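The values are calculated or read from the model by the stated rules, or taken from the named source; none is laboratory data. Because the structure is predicted, anything quoted here is derived from the model rather than measured. Don't worry about glycine lacking a Cβ; one is built from the backbone with ideal geometry, like all the others, and counts go over all protein chains shown. Side chains are part of the model used for accessible areas, which takes the heavy atoms of the whole protein and leaves out ligands, DNA and RNA. Shrake-Rupley method; radii C 1.70, N 1.55, O 1.52, S 1.80 Å.
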Amino acid sequence: LPRLVREFVAQNNTSQIKHVIQILSQEFALSQHPHSRKGGLIGLAACSIALGKDSGLYLKELIEPVLTCFNDADSRLRYYACEALYNIVKVARGSVLPHFNVLFDGLSKLAADPDPNVKSGSELLDRLLKDIVTESNQFDLVGFIPLLRERIYSNNQYARQFIISWILVLESVPDINLLDYLPEILDGLFQILGDNSKEIRKMCEVALGEFLKEIKKNPSSVKFAEMANILVIHCQAADDLIQLTAMCWMREFIQLAGRVMLPYSSGILTAVLPCLSYDDRKKNIKEVANVCNQSLMKLVIPEDDEMDEAKQSMTIPAEPTSEESLSKPEAATTGESQLVWTIRALKQPLFFPCSCERIQVTLNLDGIVQVLDYHLSDTSIGMMTRIAVLKWLYHLYIKTPRKMFRHTDSLFPILLRTLSDESDEVILKDLELLAEIASSPAGQTEEGHGPSDVSDVRPGPVELHVPARPGQLSSSSTKGLECSPSTPTMNSYFYKFMINLLKRFSSERKLLETRGAFIIRQLCLLLNAENIFHSMADILLREEDLKFASTMVHTLNTILLTSSELFQLRNQLKDLKTPESRNLFCCLYRSWCHNPVTTVSLCFLTQNYKHAYDLIQKFGDLEVTVDFLTEVDKLVQLIECPIFTYLRLQLLDVKNNPYLIKALYGLLMLLPQSSAFQLLSHRLQCVPNPELMQTTDNTKPSTSFKRTAACNIDYMELLQHFEKVQNKHLEARHQRAGQAEQLDRRVVL
């Protein structure tokens, strides 16, 4: 046969050569008889050898019948086919490249062949084909990629190993730029990374590592945007290796591509945020996720607040709108996996034809806010994730206040609920965020919230304006000014915040008992203490639940008298030198009237001793309960604290402070024979004889009289207000007692 073929070649008799190949193919290689098929395969190989360099003219006719035999049920015949194709390829060398796809397709099947001899033969052929591809510069990568993308999703271990080996070879060839087509195969590579075989996982790790090295070397030619969503999906994989590798890629993408990744922020956050609460078993993933989170946060800049939304049409493909993309997943009720939800939420193709060079990007704030809202609302989310969410929201309010205030109404309820969190750190971050919302100039409306808005917990339409310097919206100079709640340092959300905070305390008494003082003290550090007390007193003045009003006033009074954070405010009230301080005193007094003892303590703090004495005289008309006596007991204990040092020293000036002594004696007369009674009695026994304390300088006017005269406060009106409030409390107590009595009768009946 070889001699006959050589003669035809010498004669340039193409038709006879084709006739010989056709006979070998149709009558032998494709025969029904197995021995005939073996002979046909041997004949085709011999024919190819005889043709030599001219075999390239007849490769299609030579290869097709051999590849057909790859599917033969007889393993020996498959081996012969493998051997025949090896000889054909060895002779043709580079001429087989136009037929590479069909050869690759056949080899990928033999790679998973159960017969070891066939598998061994296919490996020899595979090595030969790899050598040819490596040596040639005519490889058609564009035509090969669709086949590679299809085969890469094979579940067979040997087929996967075969695919990875080819990817490594193609990646090593300098003339073949596989990086351009990485978006086509990246998803499949991550699928293979989850294979059960350690060897295959290791090979896939190496392949991904080589690609990542290439990306770092040539970031300008990488299609980051086309691979962003692929990484988002695999960053949520259940397999630790896949998740860690995808997270490492995401870290590099954010750092290399920069703002190109911004349109995919909501998807990235969906993947990254849950990882921040991982324990030490997944410490590596947690650390990389934290870097991703921090790097992504740095990409948001103040200019994002000023970009016109019309520019979105010029940007890279962004994530879908908030209505489509990030509706809360049904996984909580249906058991659907987070991964499936993410794929559905993204609702966009995984590949985009776009360039990453100098491209204008727009921050998809709606999507980001909905992701953050979802993670903050999910009670199963870990503490570190909730902290990260609050940091993100705070960062967005600092960098993009105008756009963020459009979401404030929807975020406000969940931020208030977060105050009930178990973690103090979460509450602190939540308070920082709420303080920023309440003090940012971007939240100022034309119609501020005044006292008449107490019943309206939702603000009117927020008309935003561009702040002159967005970076300084939360500067300490803005928050540190002493002012009333109507001044520009507090926006229209401040009053709404105070209303809702008090409503929260009213509905959750446990929160008030366990965290109330902590929350208010922190707010006094973050905002202006005078504003907080002024607004809360104003709101409590109209509180219908009198029992809550009394409890809340007691809490605020304790904070006012004991917290180091309120030292400046106490000094301001102690002297009442300015109209603002006197206005604050009157405002606090009217609300403090809900609790008689706290009203007296406020008078002691402000050195209104005569009025304190007048109030104590009214106590005889009140219902003296155990709770009332307990509060008097606590007030006596407070008088012995460092806060009231100035009051105790004023006991030395008996002549100028007679009403202070009378007021203290009044408290003493209210107390039963208890430890507090003994304590106050001993203190009053130390008051010196006024005759012994007289000095020769009688020309100096009374400081007490002087200060009281300067205050210009209508104490008679305040006293009448006290009586009016206490009458309301008395009626409310009688009403509660009557209701309880009726309930007891019903129980008896």
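Return yes or no: is Glu205 surrounded by fewer than 18 Cβ atoms within 10 Å (Cβ to Cβ), within 48 Å of the chain's Cα centre (by Cα) and without any contact (Cβ under 8 Å) to a residue 60 or more places away in the chain?
yes
Quick one: is Leu573 more than 30 Å from Arg736 (Cα to Cα), without any contact (Cβ under 8 Å) to a residue 40 or more places away in the chain and either assigned by the TED database to the domain that holds Lys429 or of a type in the set (A, V, I, L, M, F, W, C) (or both)?
Judged against the criteria, Leu573 is a match.
Every residue, every condition in (1) at pLDDT 95 or above; (2) in contact with a strand residue (DSSP E or B) (Cβ under 9 Å, 6 or more places away or on another chain); (3) surrounded by fewer than 17 Cβ atoms within 10 Å (Cβ to Cβ); (4) hydrophobic (A, V, I, L, M, F, W, C), yes or no:
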residue: Ser120; (1), (2), (3), (4): no, no, yes, no
residue: Thr134; (1), (2), (3), (4): no, no, yes, no
residue: Asn137; (1), (2), (3), (4): no, no, yes, no
residue: Glu150; (1), (2), (3), (4): no, no, yes, no
residue: Pro174; (1), (2), (3), (4): no, no, yes, no
residue: Leu182; (1), (2), (3), (4): yes, no, no, yes
residue: Leu186; (1), (2), (3), (4): yes, no, no, yes
residue: Gln191; (1), (2), (3), (4): yes, no, no, no
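Suppose we filter the range 617-646 for residues that are in a helix (DSSP H, G or I) and of a type in the set (Asp, Glu); how many remain?
Number satisfying all stated conditions: 4.
Can you tell me how many residues within the range 378-406 are open to solvent by less than 30 Å² (accessible area, probe 1.4 Å), outside any helix (DSSP H, G or I) and of a type outside the set (Phe, Trp, Tyr)?
Residues in the range 378-406 being open to solvent by less than 30 Å² (accessible area, probe 1.4 Å), outside any helix (DSSP H, G or I) and of a type outside the set (Phe, Trp, Tyr): 3 in total.
Considering only residues of the range 117-136 that are polar (S, T, N, Q) and over 14 Å from Ser165 (Cβ atoms), which is farthest from the chain's Cα centre (by Cα)?
This residue is Asn117.
From the list Val232, Val260, Val272, Val291, pick out the single residue that is open to solvent by 20 Å² or more (accessible area, probe 1.4 Å) and among the β-branched types (Val, Ile, Thr).
Of the residues listed, the single one that is open to solvent by 20 Å² or more (accessible area, probe 1.4 Å) and among the β-branched types (Val, Ile, Thr) is Val291.
Could you grab me the full set of residues in the range 576-615 that are closer than 19 Å to Val725 by Cα and basic (Lys, Arg)?
Across the range 576-615, the qualifying residue is only Arg590.
Need the failing condition index for Ser563 against (1) open to solvent by less than 50 Å² (accessible area, probe 1.4 Å); (2) farther than 21 Å from Leu523 by Cβ, just the number.
(2)
Say we look at the range 173-222 and pick out the residues that are part of a helix (DSSP H, G or I) and of a type in the set (S, T, N, Q); which of these is nearest to Tyr153 (Cα to Cα)?
Gln191
Just the residues that are over 15 Å from Ile254 (Cα atoms) and open to solvent by less than 30 Å² (accessible area, probe 1.4 Å), please, taken from the range 210-224.
Phe211
With respect to Ala159, is the statement that it is of a type in the set (Gly, Ala, Ser), at pLDDT 95 or above and on the phi < 0 side of the Ramachandran plot true?
Criteria not met by Ala159.
Identify all residues within the range 547-595 that are over 40 Å from the mean Cα position of the chain (by Cα) and assigned to a loop (DSSP other than H, G, I, E, B); write none if there are none.
Residues satisfying the conditions are Leu576, Lys577, Thr578, Cys593, His594, Asn595.
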